[in-house]
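Just below is one structure, and these are the notes that go with it.
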Amino acid sequence: MIRDWFRSLFSATVDGWNRFWFTPSHPATLAVIRIATGTLLFYSHLIWALNSSSFFGSQSWLNEPATRALRGEGYGFSLLTMIDSQPAALFAVHALALIASLCLAVGFLSRAAALTMFVLTISFANRNPGALYGFDQIVGFLTMYLSINPGHRWLSIDAWRARRRSLRNSAPRLSALGSQPTVTIATRLIQLHLCLLYFVAGISKLKGATWWSGVAFWGAIGNQEYQTVDLTALVHWPVLINLATHATLAWEISYPFVVWNRWVRPFVLAMAVAVHAGIGVCFGMLTFGMIMIAANVAFVSPTLIRQLAGQSDEHVERANGRHDRVSKPAERPRSRSSESLHPV
Amino acid sequence: MAWARSVRVGVSLLLILHLIAIASAPWAMQPSSVLAERVFSFFQPYVDFAFLNHGYHFFAPEPGPSHVIRYELQLADGRLVTGQFPDAQVHSPRLLYHRHFMLSETANRLAVDPAQQPALDELTRSFADHLMTNYSAIQARLYLRRHYIPTPDQVADGLPLDAPELFAERPLGTFHRQAGDRTRTVPPTVQAAVGGRESLPPAATQRVATQAPQGAIR
């Protein structure tokens with residue numbers, strides 16, 4: 001009997017694992033993340049490029065010895081260190097970063113663009129480890145996961161080209177619609193990475209007295225170097241400061257446990273938007289706020305995204321299906337596979 | 001198309017290893033267990049290489065004071081240039097400001113840890129080099145300036161966020177350069193350069209400071 005129980009447990013675990021990671025999903029969710037990541041990377045690299053000599057030149061804020069001292073004995077690498085701050089090579093790297101991030105946003109040669117941006121994100125970060133913040137960490141793992149599948153088969157030039165090719169060849173190209181296991185894997189990795197990030201961010205705050213006394217939120221409001229909107233009037237409503245502090249902490253710690261529940265998820269994601277938009281607008285970290293909101297899109301169903309974009313499954317099939325005569329039953333249930341990203 | 005079982009098993013193993021790797025980085029942050037450190041050291045080459053070595057301790061354990069680097073540059077013609085980074089008036093747009101802000105916060109992170117003194121030395125020398133090159137200066141004095149956060153009660157009583165008593169400074173060093181020279185630090189004749197309500201950690205007195213800054217606060 002005990003053996004049967006373990007056998008059932010093992011079987012259920014394997015089934016659940018396979019369903020969680022390998023059920024093909026529609027790429028709409030990843031496509032939105034790709035577009036946001038590419039756009040924000042383009043902006044970030046534009047700022048780097050316009051201030052190249054200050055951050056990457058031979059007389060930059062961090063010269064080579066300082067960079068080495070900051071990086072320590074790690075295993076990080078940087079293409080920028082290899083080119084030794086030569087102006088022409090630096091210009092080429094900036095140009096490559098701008099082009100690749102733009103390609104990622106519009107979905108042109110998407111996978112190559114994602115991989116290029118992953119390598120360049122690492123390279124820029126390791127060349128200038130003193131000027132990094134949360135934004136760089138997030139785009140680091142997003143570009144890594146988008147390299148697995150950049151959601152390039154929806155809302156992209158790649159998808160448009162594939163469709164044109166299939167129309168020209170009259171070939172059955174249902175795969176152009178893009179439901180693939182790699183879409184699920186990339187989305188799941190973003191979801192789990194977010195869960196880890198929020199959980200660690202939450203429990204690490206438990207060591208701080210102000211998170212318990214409810215005034216930690218004041219630490220952001222009263223910090224003039226961060227402040228872009230003056231919220232100090234809240235000092236007359238201390239209960240609101242307490243509420244914001246406790247709600248932020250409770251949300252971060254509970255995130256990995258409750259975000260999987262379909263009924264609670266909208267509230268969890270609404271809180272994510274509120275927190276990150278608030279950080280972006282009030283505390284001057286708009287790029288960080290936006291990339292965090294983009295990452296949270298990983299928990300939005302592709303079906304919902306397509307509906308918001310004015311597409312239904314039938315609409316998409318009609319748009320692509322004039323030559324998509326293939327209708328193998330195994331490849332059809334896209335709406336089910338889309339929902340499979342949110343199994344609870 | 002469903003993947004073959006062997007592919008799924010192989011990919012599953014890679015996924016499990018990846019997930020343990022990314023969790024090991026915050027897990028091994030100090031204070032940490034021997035187990036956490038051993039697991040992390042196993043995965044460190046991977047997480048370092050893939051830029052996944054992050055603690056994710058945002059605003060933890062609690063939001064603290066912020067830091068800027070204040071500088072005084074002496075030009076060859078005797079003029080004095082003063083400034084700071086980050087400076088919202090100079091560093092715009094906001095992302096550029098934030099990049100400079102992280103430079104000064106990095107200096108503080110090193111400054112509070114005596115074991116990081118060599119790295120702080122390199123960092124401040126690099127800052128000085130950059131400033132002296134940009135302004136064609138012959139001398140640079142750098143100060144780490146801490147901006148404390150007032151309590152809600154203080155602000156309710158009318159204390160502005162930029163009140164002088166909310167600032168404290170620690171000299172980071174004085175650096176000289178002549179044509180063709182690498183920046184060098186002036187021999188350590190120590191004077192605590194303190195403004196505001198308290199000085200920064202005592203390690204400040206081990207560093208170089210030739211004189212207390214004039215009008216150091218504000």
Legend entry - Which listed residue, of A:Ala105, A:Ala89, is more than 8 Å from chain B (Cβ to nearest Cβ) and either over 22 Å from B:Asp129 (Cβ atoms) or of a type in the set (Phe, Trp, Tyr) (or both): A:Ala105
Legend entry - Of all residues in region B:3-24 being within 11 Å of chain A (Cβ to nearest Cβ) and among the polar types (S, T, N, Q), the one that is surrounded by the fewest Cβ atoms within 10 Å (Cβ to Cβ): B:Ser12
Legend entry - Residues within region B:117-145 that are more than 10 Å from chain A (Cβ to nearest Cβ) and assigned to a helix (DSSP H, G or I), tallied: 3
Legend entry - Criterion violated by B:Ala76 - all others in (1) touching a residue at least 12 places away in the same chain (Cβ under 8 Å); (2) in contact with a Leu (Cβ under 8 Å, 6 or more places away or on another chain); (3) surrounded by fewer than 23 Cβ atoms within 10 Å (Cβ to Cβ) satisfied: (2)
Legend entry - Qualifying position, being under 25 Å from A:Gly219 (Cα atoms), surrounded by 23 or more Cβ atoms within 10 Å (Cβ to Cβ), at the interface with chain A (Cβ under 9 Å from one of its Cβ atoms) and not small (Gly, Ala, Ser), among B:Arg99, B:Arg94: B:Arg99
Inset, instruction - Might you let me know whether region A:47-67 holds any residue that is under 26 Å from A:Ile157 (Cβ atoms) and aliphatic (A, V, I, L, M)? - result: yes
Inset, instruction - Just name the residue that is nearest to A:Leu197 (Cα to Cα) out of those in region B:25-35 that are surrounded by 15 or more Cβ atoms within 10 Å (Cβ to Cβ) and among the small types (Gly, Ala, Ser). - result: B:Ala25
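So that you can scan it fast, the table gives a plain yes or no per residue for (1) more than 18 Å from the chain's Cα centre (by Cα); (2) of a type in the set (D, E, K, R); (3) at pLDDT 95 or above; (4) in the same structural domain as B:Glu169 (by TED's automatic domain parsing):
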| site | (1), (2), (3), (4) |
| --- | --- |
| B:Phe101 | no, no, yes, yes |
| B:Asp121 | no, yes, no, yes |
| B:Tyr135 | yes, no, no, yes |
| B:Tyr143 | no, no, yes, yes |
Inset, instruction - Evaluate region A:119-128: report whether one residue or more is part of a helix (DSSP H, G or I), buried (at least 24 other Cβ atoms within 10 Å of the Cβ) and among the charged types (D, E, K, R). - result: yes
Legend entry - Wholly within region A:1-91, helices (runs of 4 or more DSSP H) carrying at least 1 residues that are within 30 Å of A:Pro302 (Cβ to Cβ): A:2-22, A:28-50
Inset, instruction - Among what's in region B:36-69 and is more than 23 Å from A:Gly140 (Cβ to Cβ) and crowded, with 20+ Cβ neighbours inside 10 Å, pick the residue that is farthest from the other protein chains (Cβ to nearest Cβ). - result: B:Ile69
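The values are calculated or read from the model by the stated rules, or taken from the named source; none is laboratory data. Note that the structure is a prediction, hence the values are computed from the model and not measured. Because the Cβ atoms are built from the backbone with ideal geometry, glycine has one as well, and the counts that use them run over all protein chains shown.
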